[in-house]
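What follows is a set of notes on a single structure, which appears directly below.
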């Protein structure tokens, strides 16, 4: 098609602001965790906006919410755009909400301009992307892509004790006007606008990141066991100190993994010592390692280096090391045709862009399993996210939405 | 004097067993924390044993408990022997109890044999040596040596909420037959039997350690602050990771401090990361360091190396490091005359002994400020202490008591 289409930037910003009021925190962030009353309020507001424009509203078994603008040929698989409406406990206004509301703005823009599309265009707000109340995250897109709910979710409970089944039922019941539809259906393509959650775009003064894939993530749980003993009375030769094992192994890993491969990520986010007394050599040390890489063989190699390192250091200190893989999300590569379309649109709109990988996983990772997918990143201030101070410049929110609108028209024209 | 005196080993072991029943834990340890009802039960039992033998019983303001066997000259400062009766929450049967009951056995032995001493001999059970319920530890000996209670203890509360003032009052009231005496008085000398809480004696198959001093202890609190950020999206160059600072600094310190000086001790017993999410670079890392050395200049040098190391590593990662000294116990050196007496007695009794430093602090550290002091260590199995599995061989308990009795007679004869 190649025509540009003017979205209503003011309306997008106003919607972002109104949704940010649902679960607003004192410091300017949002606490709107998945399947809570506040999440249901946000869903209701979106459904009301949809009804005003005559769009139809659907839900599925995992409470994914769909807003459909009909195409000339309703039988064609829809173009799907969206993100999520749930937030972290101390999250920001843009993570998820921007992608959902930018998608809705595209739908409204099509309606404003009376543009008919051959295939339907649908906005989706996936359920529980964050995974902080009910684990795992990306529940909605994961179930959608799989076409079923894993059996393990049947008796799932939230960190606050609520049952997933109850909260899903309450959420579905809170939108009685929405039509229930089966879980999963053919999708033409999926596009998602999201904040970068990193500082690459900001540091290069670009407004758009064209995401070509999502790096793989593995979480390792490391448990080191030695022998607790008195800090003052125990000679070096009698020490079996798991903290020394942890430190010596980690020092080598910090020095090696990220410095030797700029696509690698290595993070230790949790650590605890038992018994945790100032004057006692710890009995055990437990820590987590988050590793990421765009390529599975590299992830395998990193994991092996980590396992070898802890085993070697534990052996030297007469300690025991157990390394367990507790989470494994393989890398995803989006089709190059999607990135090509986004690049062409960004150039046409004169938006400064670069191709990049996503360091975080997103609903697009799961959608890519069943349809061509891609993501549009916009910069967030200081790379801050999962933080009440999360901020996106208005121009960047609008740029992301403009690119989404252009790409939807291009993809639906083909 | 030079005569040996036969203590009643069976009685000592029986007393150890009976006291171990007060606060006995399922795994064979003792939970008899300071100034609890169980602590009061143990004090009452000791007072009853004293009354049976016609010894007089005293208490002071901090509830130190004294059992006095009169000398020919009641005006002379007493020879003081003893330890403490309180335990760790999951402590053993011997830490404190052995020293107190061995001292009481010496008193009974003197009585059994009708031995008159020129000066009085007193057993002391100091209050709250462990410091786990009310901090600091060594409260009783600290106040005794100072002759007053620090003002800061006035409103002190236990970890369980109890007030020190209330618990002291209840403890004093539970022994109404004991005579109150002023806090602190002239002492001729102080001797304390204690378990080693290390493995040196066991590894050298010796039954006696003659303690020539107590190494100094310093506790440092280290707070490292960087910036939390997403583990997946944050490039190495944008990371300000306080965990990396901690690991790099500690790796160097583990490699240097203890390996380069066998009298140095370096222990990291506590560490916590905030926010503590698997997939977030920590905002801050907090840890404690326990350093020990028999010489103050060496402690100063170690502290400086630690401060420099954290400052340098924090500077390299654009993080902040704050190192605070939260506890400082200078080294104590016992008079060589005391060690000489103990060595002569051990040789005479044909007890295998060596001179050594104490890695832990004890009531003797404070008593040494006002009178010649020394300690007699006996080995404990695997060096285990502050542990329900703490164990002392009967022969070693008896050996410690025999040496104490011989030394008391030698010192009181001079």
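Here, each number is a calculation from the coordinates, and none is a lab measurement. Only a predicted model underlies this, so the values are computations on that prediction, with no experimental measurement involved. Neighbour counts are summed over all protein chains in view; Cβ atoms, including those assigned to glycine, are modelled from backbone coordinates with ideal geometry.
Couple of notes before you dig in:
- Förster-model FRET efficiency, 56 Å R0, residue A:336 and residue B:162, C-beta, rounded to 0.05: 0.20
- Note on residue A:256 and residue A:236: with the Förster distance fixed at 30 Å, the Cβ-Cβ geometry gives a FRET efficiency of about 0.65.
- Cα convex hull volume per residue for the range B:5-73 (Å³): 114 Å³
- Per residue of peptide A:243-252, the mean number of Cβ atoms on other chains within 10 Å of the residue Cβ is 6.
- Prolate/oblate/rounded call for the range B:320-406, Cα gyration tensor, a/c under 1.5 rounded: oblate
- Distance in nm between pseudo-label sites at residue B:300 and residue B:146 (7 Å out along the Cβ direction from Cα): 2.5 nm
- Across the identical copies, how the residue A:135 labels are spaced - nm, sorted shortest first, 7 Å along Cα→Cβ: 3.1
- Convex hull of chain B built on C-alpha atoms - directionally averaged projected area, nm²: 21.2 nm²
- Across identical copies of the chain, residue A:221 has label-point separations of 3.1 nm, listed in ascending order, with the point defined 7 angstrom from Cα along Cα→Cβ.
- By the beta-carbon count within 10 Å of each Cβ, the least crowded to most crowded order of B:263, B:68, fewest first, is B:263, B:68.
- Kirkwood Rh (inverse of mean 1/r, distinct Cα pairs), the range A:275-381, angstrom: 17.9 Å
- Of the beta bridges in chain A, as assigned by DSSP with both residues counted there, near 65 percent are antiparallel.
- Nearest-to-axis residue of chain B, judged by beta-carbon position, where the axis maps B onto A, in Å: B:251, 2
- D by Stokes-Einstein for the range B:1-115, Kirkwood Rh over Cα pairs, 25 °C, 0.890 mPa s: 164 µm²/s.
- Shielding by other protein chains, A:375-382, mean Cβ within 10 Å: 1
- Counting 0.36 nm for each residue step from residue A:155 to residue A:18 and taking away their Cα separation leaves a gain of 45.9 nm.
- Inter-copy label distances for residue B:382: 4.9 nm (label point placed 7 Å from Cα along Cα→Cβ; shortest first).
- Using equal-weight Cα scatterers in the Debye expression, the normalised intensity of the range B:216-329 in log10 at q = 0.12, 0.20, 0.23 Å⁻¹ is -0.43, -0.99, -1.22.
- The range B:234-286: mean projected area of Cα convex hull, nm²: 4.4 nm²
- Taking every DSSP beta bridge that has both ends in the protein assembly as shown, the antiparallel portion is near 65%.
- Neighbouring partner chain Cβ atoms per residue of B:258-268, average, 10 Å criterion: 5
- Between residue A:112 and residue B:328, the modelled labels are 6.8 nm apart [label points 7 Å from Cα along Cα→Cβ].
- Taking the number of Cβ atoms within 10 Å of each Cβ as an exposure proxy, the fewest-first ranking of A:398, B:322, B:195, A:81 is B:322, A:398, A:81, B:195.
- Rounded, prolate or oblate (a/c below 1.5 giving rounded, otherwise prolate when a/b exceeds b/c) for the protein assembly as shown by Cα gyration tensor: prolate
- Computed lengthening from residue B:382 to residue B:177, 0.36 nm per intervening residue step minus Cα-Cα distance: 69.7 nm
- Neighbour-count ranking [beta-carbon atoms within 10 angstrom, fewest first] of A:274, B:93, B:27: B:27, A:274, B:93
- FRET efficiency for residue B:395 and residue B:348, using Cβ-Cβ distance with R0 set to 22 Å, rounded to 0.05: 0.80
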